[in-house]
Amino acid sequence: MPGPAVVRDVLSHQTKAVTTLITLLEERGIRCNNIYLVEGASGSTGPPATLTDVDSEGSDTASISSTRSLTLAQKASRNRLSRVTQSTLSLLMVEKGILDHLPLDHEFTMQLKDSIEFRNICTHMALQTDERRFDQDLNLAQECLTTIITNMTWNITNKTCDYCESIREQLKLVLQKLQEG
């Protein structure tokens, strides 16, 4: 059973990953508004980020023309990157809720290694200059995030607590939104 320290470590690694993802989004012309990151157990959280494509904003003509000239593959990659980022932010909110609501003696397993792997994939993705390798890393990030969410959902399925049903539903929604598209 992990204590609050393990949950905080998981949150820390995933927060670093989402910070990298947000930077990647902004580099690709997607604005990230109202972002509140989880800072361990005492950090404040807010509503999930809103991701706005510069193309839909209509405020920057140079960005709009470059956005419109993107290939279909580039648009799909940006869309997937947005979904992975949004899902990671949502997952952080769920995990923060777990930390805040589950009793310290409640048995709940979170895999620290998966969060470390996810952070490492995001870091590697940020170093890519080749779009194909970037997309491969993005696929790996999405798969790893899916694994994290699936494992958490499976783990909490057999638990009985007042908050467990809510956690399950939130995780299912995050997974559904991650896999849309």
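The values are calculated or read from the model by the stated rules, or taken from the named source; none is laboratory data. Values in this document were obtained by computation on a predicted structure and should not be read as measured data. Backbone-built Cβ (ideal geometry, glycine too); neighbour counts: all protein chains shown. All accessible areas refer to the heavy atoms of the entire protein, side chains included, with ligands and DNA or RNA removed. Shrake-Rupley method; radii C 1.70, N 1.55, O 1.52, S 1.80 Å.
Would you mind telling me which numbered condition in (1) in contact with a helix residue (DSSP H, G or I) (Cβ under 8 Å, 6 or more places away or on another chain); (2) surrounded by 15 or more Cβ atoms within 10 Å (Cβ to Cβ); (3) at pLDDT 85 or above LEU173 fails?
Tallying (1) in contact with a helix residue (DSSP H, G or I) (Cβ under 8 Å, 6 or more places away or on another chain); (2) surrounded by 15 or more Cβ atoms within 10 Å (Cβ to Cβ); (3) at pLDDT 85 or above, LEU173 fails exactly one: (2).
Could you list, in sequence order, all residues of region 149-168 that are closer than 17 Å to GLN86 by Cα and free of Cβ contacts under 8 Å to residues at least 60 places away in the same chain? Write out each step before concluding.
Initial filter on region 149-168 (closer than 17 Å to GLN86 by Cα): 149-150.
THR150 - this is the single residue of region 149-168 that is closer than 17 Å to GLN86 by Cα and free of Cβ contacts under 8 Å to residues at least 60 places away in the same chain.
Would you confirm, using the coordinates I've provided, whether VAL38 is modelled with pLDDT under 85 and either more than 18 Å from MET125 (Cβ to Cβ) or among the charged types (D, E, K, R) (or both)? Give the derivation first.
Working: modelled with pLDDT under 85: yes; either more than 18 Å from MET125 (Cβ to Cβ) or among the charged types (D, E, K, R) (or both): yes.
The answer is yes for VAL38.
So which of ALA141, ALA126 ends up being touching a residue at least 40 places away in the same chain (Cβ under 8 Å), under 19 Å from GLU27 (Cβ atoms) and surrounded by fewer than 18 Cβ atoms within 10 Å (Cβ to Cβ)?
Values: ALA141 fails: surrounded by fewer than 18 Cβ atoms within 10 Å (Cβ to Cβ).
Every option except ALA126 fails the conditions.
Of the residues that sit in region 94-119 and are modelled with pLDDT of 90 or more and open to solvent by 60 Å² or more (accessible area, probe 1.4 Å), which one is farthest from the chain's Cα centre (by Cα)?
Out of the qualifying residues, it is LYS113.
Just to be sure before I move on: is ALA62 modelled with pLDDT under 70, more than 24 Å from ARG133 (Cα to Cα), touching a Lys or Arg at 6+ places or on another chain (Cβ under 7 Å) and loosely packed, with under 14 Cβ neighbours inside 10 Å in the structure I sent?
On the way: modelled with pLDDT under 70: yes; more than 24 Å from ARG133 (Cα to Cα): yes; touching a Lys or Arg at 6+ places or on another chain (Cβ under 7 Å): no; loosely packed, with under 14 Cβ neighbours inside 10 Å: yes.
Spelling it out, it is not the case that ALA62 is modelled with pLDDT under 70, more than 24 Å from ARG133 (Cα to Cα), touching a Lys or Arg at 6+ places or on another chain (Cβ under 7 Å) and loosely packed, with under 14 Cβ neighbours inside 10 Å.
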